[in-house]
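These notes concern the structure reproduced below.
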Amino acid sequence: MPTITLIEHNGTQHSVMGEVGQSVMQAAMNAMVPGIQADCGGACSCATCHAFVEDAWTGVVPAAEDAELDMLEFANERQETSRLTCQLTIQENMDGMVLRLPESQY
Amino acid sequence: MTLSSVVIVGAGQAGFQVAASLRQGGFAGRISLVGDEPGLPYQRPPLSKAYLLGKIKAENLVFRPAAFFDQQQIELIHDKAVIIDRQNQRVVLESEKALEYDHLVLATGAHNRPLSIPGEHLEGVFGIKTLADADALAPRAKDAKNVVVIGCGFIGLEFAAVAAAQGASVQVIDRGGRLMARAISPQMSDLFLKAHESWGVKFHFSQAVDQIIGENGKVVGVEKADGEVLPADLVVYGIGVIPNITLATEAGLEIENGIKVDADLLTNDPHISAIGDVACFPCVHNHGEHTRIESVPNAMDQARAVSARLLGKAAPFVATPWFWTDQGNLKLQIVGLSTGYDSAVTLGSMESNQFSVLCFRRDHLVAVESCNRSGDHLAGKKILSRPPELTAAEASASDFDLKAWEMAHRL
C-alpha cells in the first residue's frame, strides 16, 4: 500500500496508508488527519479537501479537470500546486508522496 | 458540565459526523452510535447517481472502514432505538438493551414519502433512500426499457439522467410545472429541462398519478390522472421525504415540521440535541424562521456545531446552507435559500450550460445557483457568509463578475 505524507499547516506530519484506487482525501479521512473537511464526500462540489502537492510530486499526479480547476480558483491560499484531494486517485507510483495542507479549508 | 457518555441515534451523515468530530476534538468518553441499517455507515448522495452507474463501489461509499470504529472506540450498534426514557436519561433499544446517556443526539433522518396509490408495492417500483434500495434497483436500471420517474426533484432527476444514459426510454411525471421547483429559480429549471430533453427524457407536468398498473405482480405501466397510461418496466419515485419523528414524539419532545430545536440545536430537553434532516431550527438565512434542511452539508455543519458545544465551545448555528446535484454532465450547486426572492440576475449562458442565477430579496443577495460554474458557487458561499452584501444593482452591471467582486471585497 502506498504511503502518503500529509503535513498540517502547523507542521504536524501524518503518514497515511492508502489503497490503490482510493482517493487521497478518503485515505486522509480514514486516518483522521485534521485540516481536511471533505464536506461533500468526494463529489468535487465543496473544495474543502484542498492540499498542495510538494514540487517533487507534481509530475506524478494527473492534471486537474475543469470542474476541479474552477473550484480551486476559490480555494483559500491557492497555489500552482493546489489540488482537491478527492480528485487524486492513489496509484502505486504515489508511494512517498508529500502534500501540505492550507491553514483553513474555508 | 463534564460528559462521560454520548448516545447518537441515527448513523447517517449527521450521526456519524458527531461521533467523528467528538473524537477528533478530543472527547474521551463513551460514544454509542445506533443505526438500524446493516453494515458500516455510508454516504447516500451517490446512491441515485454514481453508484448506479458503477462509478463508485460499495466499499468506497462507507465513511470509514471498520478499523476506524475500533481504533476510535466508537461503539456502532446495529439496533433500533424504541424508547427515550428522559427521566433516567437512557435509550431503550429493540433488543431491550438500554444505553445511558449524559447527552443524546437525535439524527434519525427522514424516510421517503410513499406514493400512496394503488400498485405502489408492485415489483419494479422503487424509492431510493438506502444502500439496499440502490442495490435492488441497480440491476433493474441497467436492463430497463421503459422507465417512468414520478417526481422531478433532485432524486428523480438524478435517476432520470442515469436511466437515459443507460439507454432506457425515460418519462417523468410531476404534479408541478417545472424541474426542482422547490429548490431553484425558473431560469435554472429551464436549463435543466432543455438538458434532460436533449438526453431523451420526456416530461409530463401538472399531472397526478392515479395508479401503477401491474401484471402478475410486476409493473407494466403508470396511469396518469388524465387517463393516459405510460408503459413502464421500471418506476422510480422521489416525491419528498418525511422526517423520522416517532421516537421524539413519543418522548414528548417538541415537534414542528421535524424535531424543534433552538439556535444551539438543543431540543426542549437540555440533554437532547437534534440535527440533520430531522431537525427544524431557527435559520438565520431564512429570516430566523424555523427551517428543516435536507442536505449533506447541513448535516455535517450541524454535527460539527453540536460536537463543538459538547466539547465546551458553544456557538449559535449560523452556517450558510448549500446543496448540490449531479445530473448527466451538469453539476448544479446552490448556496443560500432563495425562499421569497424577488429579483434575479443571470451570469454566463444557458446555451453553454455554464450559467448562474443570483437571487435577491429586497436588493440583498440570498442565494446563488450555479450550473457548471463552481467558481461562482464558492464566491457566492463566501459573500453570503460575511459582509459586505452584494446588491442587485451592482450585480446588474453589464460586465459583472461574481468571482472578481468577491475577491475585491474581501475584508
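The values are calculated or read from the model by the stated rules, or taken from the named source; none is laboratory data. All values reported here derive from a predicted model rather than from experimental measurement. Glycine gets a Cβ as well: all are built from the backbone with ideal geometry, and neighbour counts include every protein chain shown.
The table below lists the values:
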item: Test: residue in segment B:28-37 that is in the same structural domain as B:VAL91 (by TED's automatic domain parsing), over 23 Å from B:ARG309 (Cβ atoms) and either touching a Phe, Trp or Tyr at 6+ places or on another chain (Cβ under 8 Å) or assigned to a loop (DSSP other than H, G, I, E, B) (or both); result: yes
item: Any chance B:ALA303 is among the hydrophobic types (A, V, I, L, M, F, W, C), more than 10 Å from chain A (Cβ to nearest Cβ), closer than 21 Å to B:LEU22 by Cβ and surrounded by fewer than 17 Cβ atoms within 10 Å (Cβ to Cβ); result: no
item: Segment A:34-74 - residue that is within 8 Å of another protein chain (Cβ to nearest Cβ) and among the aliphatic types (A, V, I, L, M) and, of those, farthest from B:VAL18 (Cα to Cα); result: A:ALA67
item: Test: B:ILE56 is among the hydrophobic types (A, V, I, L, M, F, W, C) and more than 22 Å from B:THR267 (Cα to Cα); result: yes
item: Positions within segment B:150-167 being more than 12 Å from B:GLN327 (Cβ to Cβ) and crowded, with 23+ Cβ neighbours inside 10 Å, in sequence order; result: B:ILE150, B:GLY151
item: Exclusive hit being more than 20 Å from B:ALA279 (Cβ to Cβ), touching a strand residue (DSSP E or B) at 6+ places or on another chain (Cβ under 6 Å), away from chain A (no Cβ under 12 Å) and crowded, with 18+ Cβ neighbours inside 10 Å, set B:ILE8, B:ILE77; result: B:ILE77
item: Wholly within segment A:34-106, strands (runs of 3 or more DSSP E) carrying at least 1 residues that are in contact (Cβ under 8 Å) with a residue 60 or more places away in the chain and surrounded by 18 or more Cβ atoms within 10 Å (Cβ to Cβ); result: A:98-100
item: Which numbered condition B:SER338 misses (of (1) under 17 Å from the mean Cα position of the chain (by Cα); (2) outside any loop (DSSP other than H, G, I, E, B)); result: (2)
item: Number of positions in segment B:38-54 that are outside any loop (DSSP other than H, G, I, E, B) and either closer than 13 Å to B:LEU310 by Cβ or not hydrophobic (A, V, I, L, M, F, W, C) (or both); result: 4
item: Pair list, Cβ < 8 Å and 6+ apart or interchain, from segment B:31-44 residues that are in contact (Cβ under 8 Å) with a residue 60 or more places away in the chain and crowded, with 19+ Cβ neighbours inside 10 Å to residues that are of a type in the set (Lys, Arg) and in a loop (DSSP other than H, G, I, E, B); result: B:VAL34/B:LYS80; B:ARG44/B:LYS129
item: Which listed residue, of B:VAL82, B:VAL105, is touching an Asp or Glu at 6+ places or on another chain (Cβ under 9 Å), surrounded by 13 or more Cβ atoms within 10 Å (Cβ to Cβ), away from chain A (no Cβ under 14 Å) and of a type in the set (A, V, I, L, M, F, W, C); result: B:VAL82
item: Count of segment B:377-403 residues which are closer than 21 Å to B:ASN286 by Cα and within 13 Å of another protein chain (Cβ to nearest Cβ); result: 10
item: Condition broken by B:HIS377, with the remaining ones in (1) within 21 Å of the chain's Cα centre (by Cα); (2) surrounded by fewer than 23 Cβ atoms within 10 Å (Cβ to Cβ); (3) not β-branched (Val, Ile, Thr) satisfied; result: (2)
